[in-house]
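Each remark here refers to the structure printed beneath this line.
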């Protein structure tokens, strides 16, 4: 009869190879402190680079905030800002990250960080990824990599995820979701498609994708860009006379190649809307009093309304100094995508990335294991460094595919958002068969 130790040895020899090693998160990526924040971080933070192409030196930067509730069981949520060309530190600093940022005590001084009671990291582990290479802190040693598009971005994102889950095997069984906004409405379904195809090929590690969520995201250019005129009229932002004039001249097509009379009417609509906060038409443009004169040059808004946006308080979630999404009337179809810095005078008069730009200096970069300015240049919220091509078309078929496969898909739009309004959602809802919710 075999001894107990021998049986135990045999059991371990048979079973241990079948059990994934629960290796702890890499200590060299641990963030121990953040300049501007006093006190202990509410959960563990990790940040660093993962190579997606060793030969070209293409490296993608991520920032991970572990869930404050139960990181061993809570979902892992990837966050992507859009642009294309926008850093996901936009989401970290101004949207759903763990801190609210307060302007420094002196001009150009280090911002003060306060805990955000509405951070998504309260219930999930949030990972912010700068994508594609050339955006934010992500970079390549081969500048040809900065010529990219939807398909290459999705492939790199998938490579990143496979390597990330190898680095963090303890999260391989957690529910995984992809989230984001704006042009991430393209990034997210195409990345999900790569993940699903990888699973079908039995690529390891297995990514436990459960679904995705998209806020005010690009979906289909015909739907997205044709709805702004009816939306503006429905919200009382333009007169009925102007709405009838532009509708008669444009025959329901308000973007792309249109006749001269139609273009003239569209330009008139844009002029009427130019001073609004296009990301929340019900709110003023939040700004510090010092930027009042420069932020509203040639503005037709009354000073009483402009003054509503003045504040020296920390900028809470959803009352943001910046929030760039798909630009109104962006001249794009399949092919080259115009980036935010290329829009020049057509960008919003009330945007500012001052807080994030000041904060992400070399001291903060050292704390979060990012490369210094001397190696990868200054951080930009919206870069013109990349040459980006839209090469995947409409996302409608992607959404149909994933909902039919049983993935959880949430597509939401804020009702006062002028850039990507809710009318597209009403149109798209007719394309999906109604299902009884059995949950």
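Values quoted throughout were computed directly from the atomic coordinates according to the rules given, and no laboratory measurement underlies them. Treat the numbers as computed from the prediction; the structure is a model and nothing was measured. Methodologically, a virtual Cβ is constructed for each residue, glycine included, from the backbone with ideal geometry; neighbour enumeration extends over all protein chains shown.
Would you kindly give the portion of the calculated P(r) for region 28-73 that falls above 18 Å, as a percent of all Cα pairs? Of all Cα-Cα distances in region 28-73, 44 percent exceed 18 Å. Working from Cα pairs under 8 Å separated by at least six residues, relative contact order for region 75-132 is 45 percent. Calculated translational diffusion coefficient of region 350-392 (37 °C, 0.692 mPa s; Stokes-Einstein with Kirkwood radius over alpha-carbon pairs) equals 270 µm²/s. Ratio of Rg to Rh for region 61-142: 1.03 [Cα atoms; Kirkwood radius as inverse mean 1/r over pairs].
The eigenvalues of the Cα gyration tensor, multiplied by 5 and square-rooted, give region 126-187 an equivalent ellipsoid with semi-axes of 22, 15, 10 Å from largest to smallest. Highest mean packing first, where packing is the average number of other Cβ atoms within 10 Å per residue, the peptides 113-123, 185-195, 160-170 line up as 185-195, 160-170, 113-123. Assuming a ≥ b ≥ c are the square roots of the Cα gyration tensor eigenvalues, decide whether region 107-253 counts as rounded (a/c under 1.5), prolate (otherwise, with a/b larger than b/c) or oblate. Prolate, because a/c is 1.5 or more and a/b exceeds b/c. Under the classification rounded if a/c is under 1.5, otherwise prolate if a/b is larger than b/c and oblate if not, where does region 87-191 fall, given a ≥ b ≥ c as square roots of the Cα gyration tensor eigenvalues? Oblate.
Using C-alpha pairs under 8 Å with a sequence gap of at least 6, the mean separation divided by the residue count of region 37-130 gives a relative contact order of 34 percent.
Determine the relative contact order of region 174-221: mean sequence separation of Cα pairs under 8 Å and six or more apart, normalised by residue count, in whole percent. The value is 61 percent.
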